[in-house]
Each structure stands twice: as structure tokens, then as C-alpha cells.
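Structure first, then comments.
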Amino acid sequence: MMDSGFSLHAFGHSDRGLFRQNNEDYYGIFKDLFIVADGLGGHNAGEVASKMAVETIAEKILSLKSLLDTPSPDIEGQIRSIVKETSKRVYETSLKTPEQKGMGTTIASLWIQKSYFTAFHVGDSRIYRYRNDQLTLMTSDHANEVSIDEDQLGEIRRRYLTQAIGTTPDCEARIYRDQVQSNDRFIVCSDGLTDYVTTKEMELLLLKNKDAKQATHALIEAALSRGGRDNITAIVLNVSKQIESSSDQAS
């Protein structure tokens with residue numbers, strides 16, 4: 001039983017997509033911490049960066065459990081420090097091997113603490129909250145967006161990240177905190193999902209798929225059906241007011 005009394009049921013899945021040779025996304029489910037990372041860099045370096053970021057953030061966040069028992073825990077300050085430390089670690093690792101030079105990763109992390117949640121991210125991986133049958137974006141991309149008209153093929157949208165973990169030794173996380181409510185649902189995902197499936201479509205898929213595992217697979221299948229040119233990763237979390245908590249993880 002969690003301190004909050006909430007039961008957390010989560011499922012995550014990552015798909016290579018239909019065109020990519022490697023899957024540079026990585027995710028982790030750690031009871032009350034849910035992380036998705038989208039790696040950047042060639043020669044499999046993106047895979048290294050995303051895995052390192054998830055594991056480092058999880059290790060450091062989970063070591064903060066005692067902080068929650070203090071009268072006024074500085075959650076945001078601790079998270080900012082952890083993200084900076086993680087970026088420095090990935091950056092320093094990238095300097096040791098030529099093939100890993102310039103590697104980096106986005107991250108989107110959702111942490112449930114008692115009756116609150118903290119959503120924090122770097123880059124364009126996202127977190128959504130589904131409440132009262134409405135899906136709301138909790139994050140704001142670190143990206144500049146440029147639109148290009150190419151012949152009659154329509155509008156091509158190309159984003160340029162303004163922040164990523166590991167591309168420099170320092171980066172700033174964007175953080176959002178709010179209260180958790182029973183029956184809240186969350187999506188933590190990479191842009192391989194959001195580039196192909198609209199917020200309204202994701203909202204309808206959650207409405208149709210109450211189970212976290214079913215919802216996760218439905219979201220990923222929707223992205224694949226639209227072309228699936230990128231790696232696609234999603235975690236769906238269901239929050240309920242029950243005694244037990246459980247989570248599942250699939251690769």
C-alpha cells in the first residue's frame with residue numbers, strides 16, 4: 001500500500017517502428033516513478049544515452065524517499081540537481097568514445113509522491129493527464145518548430161531541440177506539480193507517438209481502453225498505422241483509490 005493510499009497500475013512498451021534499424025528509446029517503471037527517454041546520436045549512441053539517463057534518474061530519485069517525510073521537502077530543487085547531474089554524466093561519457101560523441105537524450109518523468117505528482121522533462125518527450133474524460137498536456141517541449149512547404153506534399157514540421165540531456169554538461173528541467181486524484185490516468189511517451197497521434201485521438205483511445213496494458217498497445221498501434229517512422233514508446237498509468245499497487249513492464 002502506498003503512503004497516499006492510491007493504487008498505481010502501469011504498463012509500458014517500446015516499439016522500434018517500421019523504418020528504424022535500432023530502438024534508441026528506453027523506459028523504466030519503478031513502482032511510483034515512470035520515465036521515458038528518447039536517445040539522440042548515431043552509432044547506437046542514442047541507446048546508450050537514453051538507458052543511462054533513465055537508470056541514473058531512477059537511482060537518484062528513489063534515494064530521495066526520506067526527503068518526503070520532512071516538513072517542507074524541496075522536491076523541485078532536488079529534481080533540478082538530479083537532472084543536471086545526469087546531463088553531466090551522459091556528457092562526460094560521450095567524450096570517452098568517438099562513436100558516442102554528441103550523444104544525448106530527452107526524458108519525461110512522472111513521480112507520484114503521497115497525494116501529489118511531479119512531472120518533469122527535458123526535450124520533446126511528453127506527459128499527459130487524463131481526468132474527467134479529458135486529456136491535458138502537462139509538459140511544454142524544449143523545441144523550436146519550423147514549418148516547410150515542399151511541393152504539394154503538404155506541411156513538413158521539423159523541430160530543433162533547445163534542451164537535451166547530455167549534449168552539454170548542463171540542462172534545465174521543466175517541472176510541474178499538482179495533486180493526484182483517484183481515477184487519474186497518465187501517458188508518458190516519446191515523440192514517436194505524438195508526431196503521429198493527436199491529443200484528441202489519444203483521449204479517445206484511453207476512453208475505449210480502460211486497462212493500462214490495452215491502452216498502451218492501442219496508442220502504439222495507432223502510431224504504427226500512421227507510418228511509424230520513429231521509435232515509439234509509451235507508459236500508461238492508472239490511479240485508483242485501492243489498497244494494493246502493481247505495475248508491469250514489457251520490452
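Quick note: the coordinates plus some simple rules give every number you see, no bench work behind them. Owing to the predicted nature of the structure, the values given are computational and were not obtained by experimental measurement. Note that each Cβ is placed from the backbone with ideal geometry, even for glycine, and that neighbours are counted across all protein chains shown.
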* Asked: Hey, in the GNM for the chain with a 10 angstrom Cα cutoff, which one of L135, L206, L67 fluctuates hardest?
  -> L67
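For the range 53-137, which trypsin sites (Lys or Arg not before Pro) are both in a DSSP coil and crowded by at most 11 other Cβ atoms within 10 Å? Could you put the intermediate results ahead of the total?
Values: sites: K60, K65, R80, K84, K88, R89, K96, K101, K114, R126, R129, R131; in loops: K96, K101, K114.
Those that pass, being in a loop and sparsely packed, are K96.
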* Structure fact -> Karplus-derived 3J(HN,Hα) from phi for the range 82-88 (6.51 cos²θ - 1.76 cosθ + 1.60, θ = phi - 60°), whole Hz, x at Gly and Pro, runs 5, 5, 4, 4, 5, 4, 4
* Asked: In percent, how large is the relative contact order of the chain, given Cα pairs closer than 8 Å and 6 or more residues apart?
  -> 32
* **Pairwise label distance in nanometres, L137 with K208, each label 7 Å out on the Cα-Cβ vector** => 2.3
* To do: Return, for the Cα atoms of the range 169-216, the radius of gyration and Dmax in Å, separated by a comma.
  => 13.8, 43
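Mind scanning K51/K208; K210/K241; K84/K210; K65/K213 and naming the pairs with a C-alpha gap bigger than 25 Å?
Working: K51/K208 32 Å; K210/K241 15 Å; K84/K210 36 Å; K65/K213 28 Å.
Flagged as over cut-off: K51/K208; K84/K210; K65/K213.
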* To do: May I ask you to derive the FRET efficiency for S225 and L64 from their Cβ-Cβ distance with R0 = 45 Å, giving the value to the nearest 0.05?
  => 0.65
* Amide H to amide H, which residues 5 or more places from S7 or on other chains are under 5 Å from it, using H placed in the peptide plane? -> S240, K241, Q242
* Asked: Based on DSSP H runs of at least 4 residues, each adding -39500 (n - 2.57), what is the mean residue ellipticity at 222 nm of the chain after dividing by all its residues, to the nearest 500 deg cm²/dmol?
  -> -8500 deg cm²/dmol
* Not counting the cut sites, what is the longest span of the chain without GluC sites (Glu not before Pro) that DSSP labels loop and that have at most 15 other Cβ atoms within 10 Å? -> 1-149
* **For the range 182-191, Karplus couplings with θ = phi - 60° (6.51, -1.76, 1.60), whole Hz, Gly/Pro x** => 4, 6, 4, 10, 10, 10, 10, 8, 8, 6
